[in-house]
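All remarks here apply to the structure that follows.
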Amino acid sequence: MKLPIYMDYSATTPVDPRVAEIMCSYLTPDGKFGNPASRSHRFGWDADDAVEESRNQVAALINANPKEIVWTSGATESDNLAIKGAAQFYHRQGKHIVTCKTEHKAVLDTCRQLEREGFAVTYLDPEPSGLIDLAKLEAALRDDTILVSIMHVNNEIGVIQDIAAIGELTRSRKILLHVDAAQSAGKVPIDTETMKIDLLSLSAHKIYGPKGIGALYVRRKPRVRLEAQMHGGGHERGMRSGTLATHQIVGMGEAFRIAREEMASDNARILGLRNRLWSGLSDLEEVYLNGHLEQRTVGNLNVSFAYVEGESLIMALKDIAVSSGSACTSASLEPSYVLRALGREDELAHSSIRFTIGRFTTEEEIDFVVDLVRRQVLRLRELSPLWDMFKEGVDLKSVQWAAH
Amino acid sequence: MAYSDKVLDHYENPRNVGMLDKESKNVGTGMVGAPACGDVMRLQIQVNENGIIEDAKFKTYGCGSAIASSSLLTEWVKGKTLEEAQKIKNTDIAEELALPPVKVHCSVLAEDAIRAAVEDFTSKQGK
């Protein structure tokens, strides 16, 4: 077993060796290195064939038409293009957008920018489970609402929103539905038809493809129009100019093909590993799972170890690569905004660790992690004055703290 | 973030972890910070009849730098008079542990802790 153990698959995944191999054949002089936009020779035609085959693979995973796929540099760009592009195109029909407080910053900051440009945005509070109450979403819709943007799977807590139910609400009112699927593609089935999705952001590097490539699904029937954010040679039907990165696109296509074929078997295996991890940790005292247990991607376990501070725990877990919603990792004093939005107390938000596992995680690694985490949590609690107070029966909320 | 060797040493082998009897007249307790801010430090000093700190204990909820700052502080205050102990500056702690700028607040908290502990001890003597 190699140390450190990688358990941060929601941050990024290693590229599947099958993907890397194909990518290499689109770079060098003896490979298909041409510009897919070159129409006058074989180099261009070969590259274009590869790009279109990849477009088929991406479309197939989400039950879309290949013509509805626009290549981008990643999910952040897709989110920007979808939200700004739709808002700027449809602003005469209304200037109201609905989203949720636990969205990725690529959505939240884009909405903030639109507010500066005169749009109104409603930021929904999720339920303590992390899920959105559909009645609250419906109540937030107005006559001038043009767009609803809700992520499929949350990056921190892994909860799965009921996109099909949201799609029913939006389609019947002719409101566009944008879904950030960076964390769900290849892990949860996506069907743009039955879920009534209009715009969908995708990323390659969360599902064993390369970084720096993503896509935006843009519905054709009924047609969704966007104002381009990147102008130039008119690539991607004018929605996103710029020479296509053939090797990246081919990598994304192959990653999506593998995901479609292996999602069921991967998920079954990963779920078994996650259950092993959770059953190894959940009998410790004062351990809390963040987010809904069932309505959740198989690879995510977000846990708060009360009375232990997240950064010190991560320091103690230096043989494991995990991430923390805690303050100090981001050099600010704010605990995870996602956990705060769930109504978690600060202490628990500060004490959270996100374990995300994936295709290359082994049972041996899980057992190592369980043993290490248990030992270190107990050690840090021995150092924690809050643990003493808890054991003495002091209610921490009743204490007058000197905030600094 | 890269930690200095001294921070790692105090974090992995913290000195003087524990609790003194907070009801005792010759023990001063300083508890500073807040769970909401991600760090809480409890520093206790035991003072003998000559006004010398003869024992010190701590427990800290916080990042590695906060744990190291309080661990170092307990080493430094032992054997000092109350007056000397109050002269310990957060900058001395930050320098000794080579804390990066984002972690300087941990040393400030340690300075607050020793002041609070001395104050608690002094107020007990007044009664």
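Could you compute how fast chain B diffuses translationally, taking Rh as the Kirkwood radius over C-alpha pairs and applying Stokes-Einstein at 10 °C with viscosity 1.306 mPa s? Give it in µm² per second. Answer, rounded: 111 µm²/s. What percent does the relative contact order of region A:237-343 come to when contacts are Cα pairs within less than 8 Å and at least six residues apart? Relative contact order for region A:237-343 comes out at 15 percent. Expressed per residue, the C-alpha convex hull volume of region A:253-323 stands at 125 Å³. Diffusion coefficient of the protein assembly as shown by Stokes-Einstein, Kirkwood radius over Cα pairs, 10 °C, 1.306 mPa s: 62 µm²/s. Is the shape of region A:17-169 rounded, prolate or oblate, going by the alpha carbon gyration tensor and its root eigenvalues a ≥ b ≥ c, with a/c under 1.5 for rounded and a/b larger than b/c for prolate? Because a/c hits 1.5 or more and a/b exceeds b/c, region A:17-169 counts as prolate.
Backbone amide hydrogens, once placed in the peptide plane, bring A:Asp8 within less than 5 Å of A:Thr356, excluding anything fewer than 5 places away on its chain.
Of B:Ser65, B:Val102, B:Gly18, which is farthest towards the positive pole of region B:2-127's charge dipole, taken about the Cα centre with +1 and -1 on the beta-carbons of Lys, Arg and Asp, Glu respectively? Comparing the listed Cα positions along the dipole, B:Gly18 ranks first. Averaging 1/r over each pair of different alpha-carbon atoms in region A:205-252 and inverting the result gives 12.2 Å, the Kirkwood hydrodynamic radius. Relative contact order of region A:266-404, taken over Cα pairs closer than 8 Å and 6 or more residues apart, is 28 percent.
Hydrodynamic analysis of region A:277-404 uses the Kirkwood radius over alpha carbon pairs. Inserted into Stokes-Einstein at 37 °C and 0.692 mPa s, it gives a translational diffusion coefficient of 214 µm²/s.
Note: relative contact order over region B:1-118, using C-alpha pairs below 8 Å and six or more positions apart, is 30 percent. Ranking A:Asp395, A:Asp143, A:Asp198 from most to least accessible surface, computed with a 1.4 Å probe over the protein chains only, gives A:Asp143, A:Asp395, A:Asp198.
Oblate is the label for region A:93-142, because a/c, from the alpha-carbon gyration tensor with a ≥ b ≥ c as root eigenvalues, is 1.5 or above and a/b does not exceed b/c. Given chain A, what percent of its DSSP beta bridges are antiparallel, to the nearest 5? Counting only bridges with both partners in chain A, antiparallel ones make up about 50 percent.
Our note on the geometry: Cα centres of region A:69-117 and region A:346-401, 36 Å apart. On a 24 Å Cα-Cα criterion, which of the cross-link pairs B:Lys25/B:Lys78; A:Lys318/A:Lys397; A:Lys174/A:Lys221; A:Lys136/A:Lys221; A:Lys391/B:Lys80; B:Lys103/B:Lys124 come out too long? Correct reply: A:Lys318/A:Lys397; A:Lys136/A:Lys221; A:Lys391/B:Lys80; B:Lys103/B:Lys124. Start at zero, step by 5 Å, and the Cα-Cα distances of region A:219-349 spread as 2, 8, 11, 13, 13, 11, 11, 13, 10, 6, 2, 0 percent across the bins. Peptide A:380-387 has a mean shielding of 6, counted as Cβ atoms of other protein chains within 10 Å of each residue's Cβ.
The values are calculated or read from the model by the stated rules, or taken from the named source; none is laboratory data. Predicted model only: the values in this text are computed from it and were never measured. FYI the Cβ positions are ideal-geometry reconstructions off the backbone, even for glycines, and counts take in every protein chain you see. Side chains are part of the model used for accessible areas, which takes the heavy atoms of the whole protein and leaves out ligands, DNA and RNA. Shrake-Rupley method; radii C 1.70, N 1.55, O 1.52, S 1.80 Å.
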